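Below is one structure, written out as structure tokens, with a few remarks after it.
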Amino acid sequence: MKKREMYLNIENYIVMIGIYGLGNIGLSLLAYLNKKHNQKIIAFTNNPKNLGLTTIFSIDKIEHTLIKDKDFYITNNLEEFLALTRDIFITSITTYYEEIASKLIKAKNFNPKFHNIILFSSKLGGILVFKKIFNDNNIFDLNIIETDALFAARKIEENKIWVRGIKRWNLMITANDYLQSNPDLEIYKILRNYFINDIDLEVADNFIQRGLTDFGALAHPVISIINLANIDNKKDILFYQEGITPNTVILIENLYKEFNSLANAFNTNIIEPKELLYRYYTCDKSDLLTAIKTVANYRYTKLPTDIFNRFLYEDTLNTLVPAYLIAKTLNLNLNLTFSIINIIGNLFKIDPIEKGRNLSKLGLNLKIL
């Protein structure tokens with residue numbers, strides 16, 4: 001593909017905030033942004049059911065009602081979506097990032113100099129997945145930033161989202177300064193302003209610190225593996241209340257130590273899990289088990305009823321796999337991380353290194369590490 005010289009000029013169109021994907025996080029974000037900024041939101045979806053939504057309700061932490069055409073517009077036409085938005089929040093599950101990046105660059109009116117791509121979850125190195133695909137297609141003008149999914153939410157009806165929690169703090173990093181951050185980049189201000197006075201978004205030291213500052217990546221695979229019998233037997237168990245014990249916490253804390261050793265190799269560090277939960281939601285942080293059990297919205301999280309869920313699959317393939325592979329190039333042994341990866345590979349009957357976010361997918365090599 002030749003380097004693009006011309007792009008459709010969309011500066012004169014009415015520009016709305018864009019959301020790509022309308023799952024739990026996409027619906028939560030739509031409600032939050034419309035309520036906070038009183039701006040119409042355009043959403044892109046591949047789900048036919050979402051196209052028929054005329055009213056959207058959000059409850060609990062975001063009490064809001066949205067009316068079609070007044071507050072939001074939903075389309076399955078990507079070029080229409082791109083023509084009507086500039087800032088695009090990608091809220092889809094992170095295993096679809098390569099597919100999404102490829103679709104964007106094929107769209108006639110995608111303009112990397114104009115459109116800002118905001119990865120709203122990302123895991124470890126999501127910005128690098130997009131950067132690699134863009135660079136492979138001779139696109140080097142990058143406006144790509146990532147943070148975590150900032151809401152804990154669950155759809156309870158087709159048009160009703162229960163927002164159980166909003167994180168008070170998180171990190172962000174861009175594809176242009178992923179190894180050593182530059183807090184003066186304009187895109188940091190753009191993202192921060194969307195959540196101003198509600199969520200404290202700090203610039204991470206680098207993509208390692210951003211990607212590994214993720215309690216879900218520490219806890220989800222560990223708790224799920226320990227509860228495999230309960231998952232297989234479809235037990236109605238609260239994930240963070242009944243599914244966790246002091247011994248579970250030992251594994252989570254040891255996994256944290258491995259994450260932090262990798263962060264140290266990149267001249268940074270990862271916040272301790274109990275402190276991270278406190279920054280996220282507030283809790284009693286006297287110890288990690290107490291912290292987990294006193295996070296208010298964790299009282300409602302149910303144990304999955306089958307192994308094919310994001311707690312096992314997504315966190316392992318898109319955080320643990322790249323962490324292990326990057327550490328391996330630096331001769332760091334992440335033994336517990338590797339053990340979890342192997343267990344998941346056996347459960348799903350896959351090669352987790354091939355399926356996961358490996359160094360090739362990140363566009364990383366030994367020279368830059």
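Are there any pairs, at least 6 apart or on different chains, whose C-beta atoms fall under 8 Å, with the first in segment 222-244 and assigned by TED's automatic domain parsing to the domain that holds residue 274 and under 23 Å from residue 338 (Cβ atoms) and the second assigned to a helix (DSSP H, G or I) and among the hydroxyl-bearing types (Ser, Thr, Tyr), and if so, which?
Filtered contacts from segment 222-244: 222/248; 223/248; 226/248; 231/224.
Name the residue, out of 325, 317, 277, that is under 19 Å from the mean Cα position of the chain (by Cα), in a helix (DSSP H, G or I) and more than 19 Å from residue 228 (Cβ to Cβ).
On the way: 325 fails: under 19 Å from the mean Cα position of the chain (by Cα); 317 fails: more than 19 Å from residue 228 (Cβ to Cβ).
Going through 325, 317, 277 in turn, the sole match is 277.
From the list 2, 70, exactly one residue is surrounded by fewer than 20 Cβ atoms within 10 Å (Cβ to Cβ) and modelled with pLDDT of 95 or more. Which is it? Break it down stepwise before answering.
Values: 2 fails: modelled with pLDDT of 95 or more.
After applying the criteria, what remains is 70.
From the set of residues in segment 157-196 that are among the polar types (S, T, N, Q) and part of a strand (DSSP E or B), which is farthest from residue 214 (Cα to Cα)?
As a first pass, look at segment 157-196 and keep what is among the polar types (S, T, N, Q): 159, 170, 174, 176, 180-182, 193.
Narrowing the set further to residues that are part of a strand (DSSP E or B) leaves 170, 174.
Numbers: 170: 9, 174: 17 Å.
The residue in question is 174.
Is it the case that some residue within segment 59-77 is part of a strand (DSSP E or B) and within 18 Å of the chain's Cα centre (by Cα)?
Let us first name the residues in segment 59-77 that are part of a strand (DSSP E or B), namely 59-60, 64-68, 72-75.
Cutting the leftovers down to within 18 Å of the chain's Cα centre (by Cα) gives us none.
There is no residue in segment 59-77 that is part of a strand (DSSP E or B) and within 18 Å of the chain's Cα centre (by Cα).
Please verify whether segment 117-129 includes one or more residues that are touching a residue at least 24 places away in the same chain (Cβ under 8 Å), on the phi < 0 side of the Ramachandran plot and surrounded by fewer than 19 Cβ atoms within 10 Å (Cβ to Cβ).
So the first thing to find is which residues in segment 117-129 are touching a residue at least 24 places away in the same chain (Cβ under 8 Å), and the list is 117-129.
If we keep only those that are on the phi < 0 side of the Ramachandran plot as well, we get 117-120, 124, 126-129.
Those still in the list that are surrounded by fewer than 19 Cβ atoms within 10 Å (Cβ to Cβ) too: none.
No: zero hits.
Pairs, please: C-beta under 6 Å, at least 6 apart or cross-chain, first residue free of Cβ contacts under 8 Å to residues at least 40 places away in the same chain and assigned by TED's automatic domain parsing to the domain that holds residue 308 and in segment 325-346, second aliphatic (A, V, I, L, M) and surrounded by fewer than 21 Cβ atoms within 10 Å (Cβ to Cβ)?
325/359
Could you check, for segment 39-50, whether at least one of its residues is among the basic types (Lys, Arg) and closer than 28 Å to residue 316 by Cβ? Steps first, answer last, please.
Of the residues in segment 39-50, the ones among the basic types (Lys, Arg) are 40, 49.
With the extra rule that they be closer than 28 Å to residue 316 by Cβ, the set shrinks to none.
No, segment 39-50 contains no residue that is among the basic types (Lys, Arg) and closer than 28 Å to residue 316 by Cβ.
Evaluate segment 258-271: report whether one residue or more is within 14 Å of residue 223 (Cβ to Cβ) and either touching a helix residue (DSSP H, G or I) at 6+ places or on another chain (Cβ under 9 Å) or crowded, with 19+ Cβ neighbours inside 10 Å (or both).
No, the conditions are met nowhere in segment 258-271.
Mind checking which residues of segment 224-237 are assigned to a helix (DSSP H, G or I) and either surrounded by 23 or more Cβ atoms within 10 Å (Cβ to Cβ) or at positive phi (or both)? Steps first, answer last, please.
Keep residues of segment 224-237 that are assigned to a helix (DSSP H, G or I), which gives 224-226, 228-232.
224, the sole residue that qualifies.
For segment 36-49, state whether one or more residues are buried (at least 17 other Cβ atoms within 10 Å of the Cβ), assigned by TED's automatic domain parsing to the domain that holds residue 190 and either assigned to a helix (DSSP H, G or I) or of a type in the set (Asp, Glu) (or both).
The answer is no; no qualifying residue exists.
On the basis of being of a type outside the set (Val, Ile, Thr), surrounded by fewer than 18 Cβ atoms within 10 Å (Cβ to Cβ) and closer than 24 Å to residue 309 by Cα, does residue 186 make the cut? Give the derivation first.
On the way: of a type outside the set (Val, Ile, Thr): yes; surrounded by fewer than 18 Cβ atoms within 10 Å (Cβ to Cβ): yes; closer than 24 Å to residue 309 by Cα: no.
For residue 186, the condition - of a type outside the set (Val, Ile, Thr), surrounded by fewer than 18 Cβ atoms within 10 Å (Cβ to Cβ) and closer than 24 Å to residue 309 by Cα - is not met.
Only residues that are among the charged types (D, E, K, R) and either under 26 Å from residue 24 (Cα atoms) or assigned to a loop (DSSP other than H, G, I, E, B) (or both): list them for segment 92-125, please. Talk me through it step by step, then tell me what you get.
Going residue by residue through segment 92-125, those that are among the charged types (D, E, K, R) are 98-99, 103, 106, 108, 113, 123.
Of everything in segment 92-125, those that are among the charged types (D, E, K, R) and either under 26 Å from residue 24 (Cα atoms) or assigned to a loop (DSSP other than H, G, I, E, B) (or both) turn out to be 98, 99, 103, 108, 113, 123.
What about residue 309, is it part of a helix (DSSP H, G or I) and not hydrophobic (A, V, I, L, M, F, W, C)? First the steps, then the outcome.
Numbers: part of a helix (DSSP H, G or I): no; not hydrophobic (A, V, I, L, M, F, W, C): yes.
It is false that residue 309 is part of a helix (DSSP H, G or I) and not hydrophobic (A, V, I, L, M, F, W, C).
Out of segment 126-156, which residues are of a type in the set (S, T, N, Q) and part of a strand (DSSP E or B)? Step through it out loud before you land on a result.
Narrowing segment 126-156 to residues of a type in the set (S, T, N, Q): 135, 137-138, 143, 147.
Listed by number, the list holds a single entry, 147.
So that you can scan it fast, the table gives a plain yes or no per residue for (1) in contact with a Ser or Thr (Cβ under 9 Å, 6 or more places away or on another chain); (2) in contact (Cβ under 8 Å) with a residue 40 or more places away in the chain; (3) not assigned by TED's automatic domain parsing to the domain that holds residue 311:
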position: 51; (1), (2), (3): yes, no, yes
position: 71; (1), (2), (3): yes, no, yes
position: 77; (1), (2), (3): no, no, yes
position: 81; (1), (2), (3): yes, yes, yes
position: 98; (1), (2), (3): no, yes, yes
position: 104; (1), (2), (3): no, no, yes
position: 110; (1), (2), (3): no, yes, yes
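Just the residues that are out of contact with any Lys or Arg (no Cβ under 9 Å at 6 or more places or on another chain) and surrounded by 22 or more Cβ atoms within 10 Å (Cβ to Cβ), please, taken from segment 158-180.
174
So if I check each of 330, 288, 347, 303, which one is farther than 19 Å from residue 123 by Cα and in contact with a Lys or Arg (Cβ under 6 Å, 6 or more places away or on another chain)? Talk me through it step by step, then tell me what you get.
Details: 330 fails: in contact with a Lys or Arg (Cβ under 6 Å, 6 or more places away or on another chain); 347 fails: in contact with a Lys or Arg (Cβ under 6 Å, 6 or more places away or on another chain); 303 fails: in contact with a Lys or Arg (Cβ under 6 Å, 6 or more places away or on another chain).
Sole residue among the options that is farther than 19 Å from residue 123 by Cα and in contact with a Lys or Arg (Cβ under 6 Å, 6 or more places away or on another chain): 288.
May I ask you to list the residues in segment 256-274 that are assigned to a helix (DSSP H, G or I) and closer than 18 Å to residue 333 by Cα? Show your work before the answer.
Restricting attention to segment 256-274, the residues satisfying the condition of being assigned to a helix (DSSP H, G or I) are 256-265, 273-274.
Answer for segment 256-274, where residues must be assigned to a helix (DSSP H, G or I) and closer than 18 Å to residue 333 by Cα: 256, 257, 258, 259, 260, 261, 262, 263, 264, 265.
The values are calculated or read from the model by the stated rules, or taken from the named source; none is laboratory data. Treat the numbers as computed from the prediction; the structure is a model and nothing was measured. All Cβ positions, even for glycine, are placed from backbone atoms using ideal geometry, and neighbour counts span all protein chains on display.
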